[in-house]
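Inspection log for the structure reproduced underneath, given as structure tokens.
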Amino acid sequence: MIEPKHPKLPIVRQCELLGLARASYYHQPEPEPDENLRLMRVIDETYLAHPEFGSRQMTRWLRMQGHRVNRKRVRRLMQLMSLEAIYQKPNTSRRHPEHRAYRYLLRHLKIERPNQVWAADITYVPIKGGFIYLFAVIDWSSRAVLAWELSNTLDASFCVRAVQRAIQEHGVPEIFNTDQGCQFTSTEFTQPLLALGVKLSMDGKGRCLDNVFVERLWRTVKYNEIYLKSYQSQIEAHTNLENFFRFYNDQRPHSTHDRDGRHFTPMEVYRGQRPIALSA
């Protein structure tokens, strides 16, 4: 936990040690009413099971479950959570009109090795009295989580930090795939990758399943970690997610990676202990 009056460690250094952005510590977003926070949890769980639900279908579903909501409220909460239906994206995931969107490069691509394709996305994480956002970078072939970051804002900076850390620790990918969200089409995000010779790939508009392996990661993280706990703060969320991703990468066998009856972990595959060939 951050101690503002720590005798030896300034707030900046404490944030660095915890992997938190200093802006996230100082920024205090407008709190949502408890009723909305409970509703957001239901929306998030429903969306994992039905990613095709837009605000209209989600509203109908919630009403069938006994929730007294209108579409305007549901649409606002889905936008706040950065949720998109397969056929439609909310404003938080639409690219800025002045930003360039790049062609989707993964269709029918044979993915044979680590660092051939990386993918990234943002999801919503509930905490006591509010919510935060989780960004993660995965290696497509191995499913290894190469870097991740938490933030209480949806700007591009926390995504950029995670990508920079992934590159420092794991090298440069050949292709980097995201959706067309404004964070990912911004020059703050794209230019450092282009400068390294990385090819940018972006999901077709309204096609969140183009980034299917990140969507599957979110299901795994939420059903096996986030939904099982009630984080009291961003710092507690960070500590628990750090432990979970370490377990996911290094100890949890992945059902996709098996040979002669043995399942391999994502990091075992990433480090070359098992060759892989996938078609996107």
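Structure values in brief
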item	result
Length-normalised contact order for segment 110-279 - Cα pairs under 8 Å, 6+ apart - percent	25
Cα lying deepest toward the dipole's positive end in segment 110-279, options His238, Asn224, Thr178, charges on Cβ	Asn224
Protection-proxy order for peptides 246-252, 215-221, 134-140, each taking the mean of Cβ atoms within 10 Å per residue, highest first	134-140, 215-221, 246-252
37 °C / 0.692 mPa s Stokes-Einstein diffusion coefficient of segment 110-279, Kirkwood radius on C-alpha pairs, µm²/s	200
Trypsin sites (Lys or Arg not before Pro) lying in DSSP loop within segment 107-193, provided at most 13 other Cβ fall within 10 Å	Arg107, Lys128
Loop GluC sites (Glu not before Pro), segment 133-202, which have at most 15 other Cβ atoms in a 10 Å radius of their Cβ (DSSP)	Glu174
Nonlocal amide H pairs with Ala147, under 5 Å, H built at 1.01 Å	Val137
Of Lys72/Lys229; Lys128/Lys222; Lys110/Lys199, those spanning more than 18 Å from alpha-carbon to alpha-carbon	Lys72/Lys229
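Values quoted throughout were computed directly from the atomic coordinates according to the rules given, and no laboratory measurement underlies them. Computed from a prediction, not measured in an experiment: that's the story for all the values here. All Cβ positions, even for glycine, are placed from backbone atoms using ideal geometry, and neighbour counts span all protein chains on display.
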